[in-house]
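Comments concern the structure below.
The values are calculated or read from the model by the stated rules, or taken from the named source; none is laboratory data. All values derive from a computational prediction rather than experimental measurement. Positions of Cβ are backbone-derived with ideal geometry, glycine not excepted, and every protein chain shown enters the neighbour counts. Keep in mind that these areas ignore ligands, DNA and RNA; they rest on the heavy atoms of the full protein, side chains included. Shrake-Rupley method; radii C 1.70, N 1.55, O 1.52, S 1.80 Å.
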Amino acid sequence: MRFVDEFQNPILARKLLDEIAEMATVPMSFMEFCGGHTHAIMQFGIRQLLPSQVKLLSGPGCPVCVSSQADIDQAIALSNIPNVILTSFGDMIRVPGTTYTLQEASASGSDVRVVYSPLDAVQLAVENPGKEVIFLGVGFETTAPGVAASILEAARLGLNNYSVFSMHKYTPPAMKGILNGGEVRLSGVIGPGHVATIIGSDAWRFLPERHGMPVVVSGFESVDILLTVHELVHQVANGIATVENAYTRSVLPEGNLAALKIMNEVFEVSDADWRGFGVLPLSGMAIRAKYAHYDAKVRFSMPQVPSREPPGCRCGEVLRGIVEPPECPLFAKACTPDHPKGPCMVSDEGACSAYYLYGQSN
Amino acid sequence: MYKKQRVTMAHGTGGRMTQQLIESVFAHRFSNPALDRMNDAALVQVEKEGHLAFSIDGHVVNPLFFHGGDIGQIAVYGTVNDLAMMGARPLWIAASFIIEEGLEIQTLRRIADSMATATSTAGVQLVAGDTKVVERGKGDGVYISVAGVGVVPPHLNIDAANAQPGDVILINRPIASHGMTIMTQREGLEFESVLASDTAPLNGIVADMLQVAPHTHVLRDASRGGLGTVLNELAVASDVGMILSEASIPIEEAAKGACALLGLDPLYVANEGVFIAIVPPDEADVALEALKGHPFGTGATRIGMVTNQHSGRVVLHTVLGAQRIVGPLSGDLLPRIC
Ligand code: SF4
C-alpha cells in the first residue's frame, strides 16, 4: 500500500507546481474529462494552487449526470412494473426524475435494491426465480465490461429472469461533441484514467491527430494530476500535441483486451441521448440481438413517461464545460446534496456535488 | 450429519420456544441481579448526584462478522460510546433483537458471546432484552438495538454547542479503518490481512481524559458520516468555524490505499472507536497526554482548532497548501463508478 504516498508526496507536488508556473507563460485551459478527476482536483485544492494562466474546466465524465432525463424517467418507471426487482449502483437512487426518484419509488412500494456489482444482481435473480430482476446499466467503458459479464453469467446459468437496461456510453464521442460544438476553447485534455485502463490511451489519439490537441491520461492522486498538467503545459508551451500516459501503473496503450472482448461480445455501438448534448451518433452501447433475452428494452414494453429536465438546472452546460457550478443560480441555494435539483448535485462524480463538498474557503 | 439449528417463526411467538431461545442463547451469558429477575422491566439503583444520560442506537450491519468485530460488539460499544460522549459513566444497557427466520442459532450464540464480552470489557450490565422473529427475507440476519443509561458527574458540562473559538480539536486514533474494513470485505477486495475495524468502548479513555481536562467542551464519536460530517455538525451546533490541518489527520496506510482504490475520501468514511475532543487551550496538552496513555489513544493527536471565522464551516489546509471547505456528507459514501 506504500504506492499511495508516492503519488501524494507534497514535496514533489510543490516542485511540479513551480515548474508549471514557470512554463505557463500564456493562458491555457484544460478539460478534465472525468468526474473522478473533478472530485480529486477539488479535494486536493489543485485549482487554487495553479497559476492564474492555467484554467481547469470540468467535463462530461459523470455517467449518471449525462444520462438523459428520458432514460432516467424510464429507469425509474421500470421499478413500477409488477414483480420486478430493480437493481442499481447507489448513485442512481437519488437522481431526480421528472416527478420522483428511485428512492421515492422504493418508499412507495417498488422493490429497488442497491448492489455493489452487477453480479450481485444476477445472484438476486438466482435467488428469486419468480421475480424479474433488472439491472440499471449506467457507466462508460469502465463499468460496461462488468455489466456485460453479468449478462454472460446469466446466459451461462440459463436464467430467464435477468435483464439489463443499458444506458452505457462511450466516452470519446462526448469529447468530440464538445470540440465540434466549439463553445469552449481548450488547449488540452486530462484523459480519464479508469476509462483509458479499459479502452487504452491510444483511443484518444484523435485529439492530437484531428484536433491538434494534447491529451494526457491521468491517475487520481495529487501528484498524478500535477504530472498530467505539467505535461500538458509543457506540450502547449512547446507547440507539441501527442497522447501521453501519466498513469502507466494502470493504463496500457491498447487497453484491457480481455475486458474489451467481453464488452464487445455483448454490446454494439448505437446512437445515444446525452444530457447537455442531445443525441450523439455512435456513442451508446446497445445490447446485441444475440442477447436480446437479457435486454430490458426488449423484454418489457418500455413505459412512456413525459420527461422534462429540472427547471433552472444548468447541468447540461456544466457537463459541456461552459459554466462552473457556482454560476448556476440554484447552486447551494435551491439545490444542495440534501435536496438536489439535477444529477450533477447527486452523483459522486458530479461537478456540482464536488464544488459543494469541497468549495474554496474564500 | 448434525443438522444446523436455525431460528424459526416459532421462536418469535412469545411462547415456550421464545423462552428456550432466550435461555439457551442469552440469559446465562449476561447474568446479573437486575436481569436475572426476568421482570418486565429491570430495576436499578441510581446515584443521587449528576444527570442521567439515556441513549439508544439501532444496528444494521452487513456482513454480521468482519475483521476486528461483529454486529453484537458494535451494538454494545455504539451505545456505550454515545453515553461516554456526554461524559457519562455508562452503567446499564437493554438490547432488542429483530431476528430473521432461518438465522443459525449458532450465529446468534456467537453474537451473544461477543456482546457478553463487550459488556464486561466496557463495564456495563445488560439488564433487559427482547427478541422478535421476522419472516425470511425481511431482515439481514439480525438487527440489534441497544438502549443505555449512564450517569454524568455534576461538574461536567459537555455539549455539542459548547465549542469556543481558540479551543483545540483532538482525535484519539487514525480514521477510516472501520469503514474501509467493511467496504473492502463487502466488495470482496483482499485487504483483510491488513485492515481491521477499530471498534472499541470509549468510556475508559474518555474518563481518563476528563480526569485531567474537566473543562472539556465537546466530545463526539466520529462514526457515521466520518470525521468531516461530524465536525460540520459541531461547527453548526456551536456556531463556530473550524480549521483542520490535513497533514495532521492520522490515517493508516492500508485504509488510505483502500480509499484511493475505491475513490473515497477518508474524511467521510465511518469509524467506530474514533472520537474527537474539543478542549480549551489550557487543558489541551494534558488531555492529549491522557489520551496517548490509553491503549485506544496511542495515535492521539491535535488535528485543528476552533475559530470565530467562517462560522458553521470546516476549512481544511491541504497537504499541498491549498485551503478548501470540508462539507457535510449527504447520503451514503459510494465507491466510484467512473
Ligand atoms: S447546482 Fe443543481 S440545479 Fe444547478 S446545475 Fe448543478 S445540479 Fe443543476
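Would you work out which of B:153, B:120, A:41 lies farthest towards the positive end of the dipole of the protein assembly as shown, given +1 charges on the beta-carbon of Lys and Arg and -1 on that of Asp and Glu, about the Cα centre?
Value computed over the given set: A:41.
Helix-only mean residue ellipticity at 222 nm, chain B, DSSP H runs n ≥ 4 weighted -39,500 (n - 2.57), per residue, nearest 500. What is it?
Helix-only estimate at 222 nm: -8500 deg cm²/dmol.
Determine the share of the protein assembly as shown's accessible area contributed by carbon and sulfur atoms, expressed in whole percent, with a 1.4 angstrom probe.
52
So, with +1 on the Cβ of K and R and -1 on the Cβ of D and E, and no other charges, what is the size of the charge dipole of chain A about its Cα centre, to the nearest 20 debye?
Around 420 debye, computed over chain A.
Could you work out the mean count of beta carbons from other protein chains within 10 Å of each residue's beta carbon in B:312-323?
Across the residues of B:312-323, the mean count of other-chain Cβ atoms within 10 Å is 6.
What is the set of long-range amide H partners of residue A:95 at a cut-off below 5 Å, with H atoms built 1.01 Å from backbone N?
Close amide H contacts, sequence-distant or interchain: A:102.
For the stretch B:197-319, what is the percent of antiparallel DSSP beta bridges, rounded to the nearest 5?
DSSP beta bridges in the stretch B:197-319 are roughly 65 percent antiparallel.
What is the magnitude of the charge dipole of the stretch A:18-88 about its Cα centre, with +1 placed on the Cβ of each Lys and Arg, -1 on the Cβ of each Asp and Glu, and no other charges, expressed in debye to the nearest 20?
Here the size comes out at about 140 debye.
Looking at B:205, B:134, B:60, which one has the Cα that reaches farthest to the positive end of the dipole of chain B (charges on Cβ: Lys, Arg +1; Asp, Glu -1)?
B:134
If you take every residue apart from residue A:67 with its C-beta less than 9 Å away from the C-beta of residue A:67, what net charge results, scoring Lys and Arg +1 and Asp and Glu -1?
The answer is 0.
Please report, in whole Å, how far the alpha carbons of chain A spread along each principal axis, starting with the longest.
The principal-axis extents, from largest down, are 65, 45, 41 Å.
Which FRET efficiency value, to the nearest 0.05, is calculated for residue B:239 and residue A:100 with the Förster distance at 30 angstrom and r the Cβ-Cβ distance?
In this case the efficiency is close to 0.25.
Return the sequence-ordered ³J(HN,Hα) values of the stretch A:201-211 in whole Hz as given by the Karplus equation 6.51 cos²θ - 1.76 cosθ + 1.60 applied to θ = phi - 60°, using x for Gly and Pro.
5, 4, 4, 9, 5, 4, 5, x, 5, 9, 10
What Kirkwood Rh does the stretch A:231-362 have if only Cα atoms enter the pairwise 1/r average? Answer in Å.
One over the average 1/r among Cα pairs gives 18.8 Å for the stretch A:231-362.
Within 10 Å of each Cβ of A:116-125, how many other protein chain Cβ atoms are there on average?
1
At what distance in nm do the modelled label points of residue A:298 and residue B:43 sit from each other, each positioned 7 Å from its Cα along Cα→Cβ?
According to this spin-label approximation, the distance is 7.3 nm.
Looking only at A:56, A:157, A:124, which one moves most when chain A is put into a Gaussian network model with springs between Cα atoms under 10 Å?
A:157
Report the label-to-label distance for residue A:307 and residue A:53 in nanometres (one decimal), using points 7 Å from each Cα along the Cα→Cβ vector.
For residue A:307 paired with residue A:53, the spin-label model returns 4.4 nm.
What is the diffusion coefficient of the protein assembly as shown in µm²/s, taking the Kirkwood radius over Cα pairs and the Stokes-Einstein relation at 4 °C with a viscosity of 1.567 mPa s?
48
Tell me the Kirkwood radius of the stretch B:26-145: reciprocal of the mean inverse pair distance over distinct alpha-carbon atoms, in Å.
15.0
Chain B: percent of C-alpha pairs farther apart than 39 Å?
It works out to 17 percent of all Cα pairs.
Can you work out the FRET efficiency for the pair residue A:242 and residue A:155, with r the C-beta to C-beta distance and R0 = 56 Å, to the nearest 0.05?
Efficiency, rounded to the nearest 0.05: 0.85.
Between A:243, A:64, A:126, find the one with the highest GNM mean-square fluctuation for chain A; connect C-alpha pairs within less than 10 Å.
Evaluated over chain A, the most mobile residue of the options is A:126.
Find out how many positive minus negative residues lie around residue B:238, taking Lys and Arg as positive, Asp and Glu as negative, among other residues whose Cβ is under 15 Å from that of residue B:238.
Once all neighbours under 15 Å are counted, the net charge is -2.
With a 10 Å cut-off between alpha carbons and a GNM built on chain B, which of B:125, B:185, B:45 moves the most?
In this elastic network of chain B, the residue with the biggest mean-square fluctuation among B:125, B:185, B:45 is B:45.
Set the Förster distance to 41 Å, then compute FRET efficiency between residue B:52 and residue B:253 from the Cβ-Cβ distance, nearest 0.05.
About 0.45, to the nearest 0.05.
Could you work out how much longer the chain between residue B:211 and residue B:117 gets when fully extended? Use 0.36 nm per residue separation minus the Cα distance between them, nm to one decimal.
Result for the pair: 31.2 nm of gain on full extension.
Tally Lys and Arg at +1 and Asp and Glu at -1 over the other residues with C-beta under 10 Å from the C-beta of residue B:168: what net charge comes out?
Result for the neighbourhood of residue B:168: -3.
What's the magnitude of the charge dipole for the stretch A:315-356 around its Cα centre, counting Lys and Arg as +1 and Asp and Glu as -1 at the beta-carbon? Answer in Debye, nearest 20.
Result for the stretch A:315-356 is approximately 140 debye, rounded to the nearest 20.
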